[in-house]
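Accompanying notes for the structure given below.
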Amino acid sequence: MADARAALAALDSTARRLPNPRIFRRPALQAEAQSTSALEGTYAPLIEVLTADEERPPNLDVREVLNYVRMGDAAFNLIESGQQLTVSMLEQLQAILVRGTRSEKENSGSLRDHQVVIGQRTTAPPTALPVHAARFVPSPPGLDLRANLQDLLDWMIDADVSQELDPVIAAALAHYQFETLHPFHDGNGRIGRFIIVVHLLARQVLLEPTLTVSPWFEARRAEYYDQLLAVSTRGDWNSYVRFFATGLGASADATHERMLALVNVQEEFKERIRRSTLRADTAHTLADYAIANTTFTVRAVQRDLGISYGRANALVSQLVQLEILAPLSSSTASARRFYAPKALDVVVGR
């Protein structure tokens, strides 16, 4: 537990010292999206996710992963506007997560209205009904499910809980309870792991949502699910919380290393710009933009930086000449995309 708290504190301390820690948010969200989706059986290579055109994803798997990024963006915007997590907000986020994918149903964006089961016991006879053969049977649908989910969300922001319970333990309990309720027809695992980061933000353990938790759990997929199940079947909270805290600490360490590596890339970009004849302020802004947005078009630079198309095009070309940016080989002439190779290498882990 102490190691997890120390790792989270180191990550947060670094973020607080940076002039603009927000630029590291989206790369973290994209990496989390790829890994958390892989845990649920939707696999798209990280490089494909990072370089995809978000308006025209190449396939349904990439669309599903990118939907997680959209969901995260929407959630963080709502939370930063002062809104608390509610059942209605979670329903809204789940609708974003499954939109345009194989998982989209008529009742998407609502709590499930039917009983579900999770997994199948290896000892179950072939003729057993699903509810008898399942590894775990979550709560039935209905008013109790909605009330129990709201109780969980209220507990997460309860001031007494915040004072009495270590935030790492509280995050572990909240994650388990959400997975146990399994409130949606799809997306529960991804939303449940997303709630871990939201909870740490709410408890002010983290300033920015730059923590990626799923890569560690993905590498230990079977143990992760077994630990959750052991709480339900044997009440083995100690092993689960210890496993969760170890994962959180390791995830914070890995995120911290990636953040420091991106800071080094950022400093290198600034040094190249300083040695050039470019107007430093706008060029630095675009360099930061290239770290925050793994690929982009000139139109996106024009829109997001609030400059003319001509100025955006010239600025991108100048940073290409400085070898800060490069054109993406897979982009088309009509929608040419650019990226910062050194920043992308850090996010991919090269």
When PHE184, PHE296 are ranked with the fewest other C-beta atoms within 10 Å first, the list becomes PHE296, PHE184
Charge dipole magnitude, Cβ of K and R +1, D and E -1 - segment 276-348, Cα centre, debye nearest 20:
260 debye
Can you put THR285, THR277 in order of Cβ neighbours within 10 angstrom, beginning with the fewest?
THR277, THR285
Expected 222 nm ellipticity per residue - DSSP helices of 4 or more, -39500 (n - 2.57), all of the chain, to 500
-20000 deg cm²/dmol
Label 7 Å along Cα→Cβ of MET1; segment 249-285 residues with amide nitrogen under 19 Å?
249-252
Among ALA38, SER81, ASN188 the positive-end extreme of the charge dipole of segment 2-257 (Cβ point charges)
ALA38
Reciprocal mean inverse distance between Cα atoms of the chain - Kirkwood radius, Å
21.6 Å
What is the local net charge at ASP158, summed over the other residues whose Cβ is closer than 15 Å to its Cβ (Lys, Arg +1; Asp, Glu -1)?
-4
Please build a GNM for the chain, connecting alpha carbons under 10 Å apart, and tell me which residue among SER103, SER308, SER214 fluctuates the most.
SER308
Would you mind checking which residues have amide H under 5 Å from TYR339's amide H? H placed 1.01 Å from N; only 5 or more apart, or other chain.
ALA326, LEU328
Give me the distance between the Cα centres of segment 190-267 and segment 270-348, rounded to whole Å.
32 Å
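Please state the charge dipole magnitude for the chain, taken about the Cα centre, from unit charges on C-beta atoms (+1 on K and R, -1 on D and E), reported in debye and rounded to the nearest 20.
With Lys and Arg at +1 and Asp and Glu at -1, about 1080 debye.
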Would you mind calculating the relative contact order of the chain from Cα pairs under 8 angstrom and at least 6 residues apart, reporting the percent as a whole number?
22 percent
Computed curve, segment 219-287, Cα-only Debye sum without solvent term, log₁₀ I(q)/I(0) at 0.15 Å⁻¹, is -0.63
Given a Förster distance of 56 Å, report the FRET efficiency between ARG135 and LEU18 from their Cβ-Cβ distance, rounded to the nearest 0.05.
0.80
Run the numbers for SER276 and ASN59: contour at 0.36 nm per residue of separation, minus the present Cα-Cα distance, in nm.
74.0 nm
Would you calculate the separation in nanometres between label points at SER317 and ALA300, each defined as 7 Å from the Cα along the Cα-to-beta-carbon direction?
2.1 nm
Return the single residue from ILE273, ILE169, ILE118 with maximal mean-square fluctuation; model: Gaussian network over the chain, springs between Cα atoms under 10 Å.
ILE118
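Based on the Cα gyration tensor of segment 12-98, what are the three equivalent ellipsoid semi-axes, each the root of five times an eigenvalue, rounded to whole Å and given largest first?
Its equivalent ellipsoid spans semi-axes of 23, 19, 11 Å.
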With the dipole of the chain defined by +1 on each Lys or Arg Cβ and -1 on each Asp or Glu Cβ, the option from ALA174, LEU93, TYR289 whose Cα lies farthest towards the positive pole is TYR289
Would you order THR282, THR295 from fewest to most other beta-carbon atoms within 10 Å of each residue's own beta-carbon?
THR282, THR295
Within the set ALA44, ALA290, ALA230, GNM on the chain using Cα springs under 10 Å gives the largest fluctuation to ALA230
Kirkwood Rh in Å, taken over segment 276-348 so that all alpha-carbon pairs contribute
12.2 Å
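FYI, it's all coordinate maths here, none of it is from the lab. Owing to the predicted nature of the structure, the values given are computational and were not obtained by experimental measurement. Ideal geometry is used to build each Cβ from the backbone, glycine not excepted, and the neighbour counts take in all protein chains shown.
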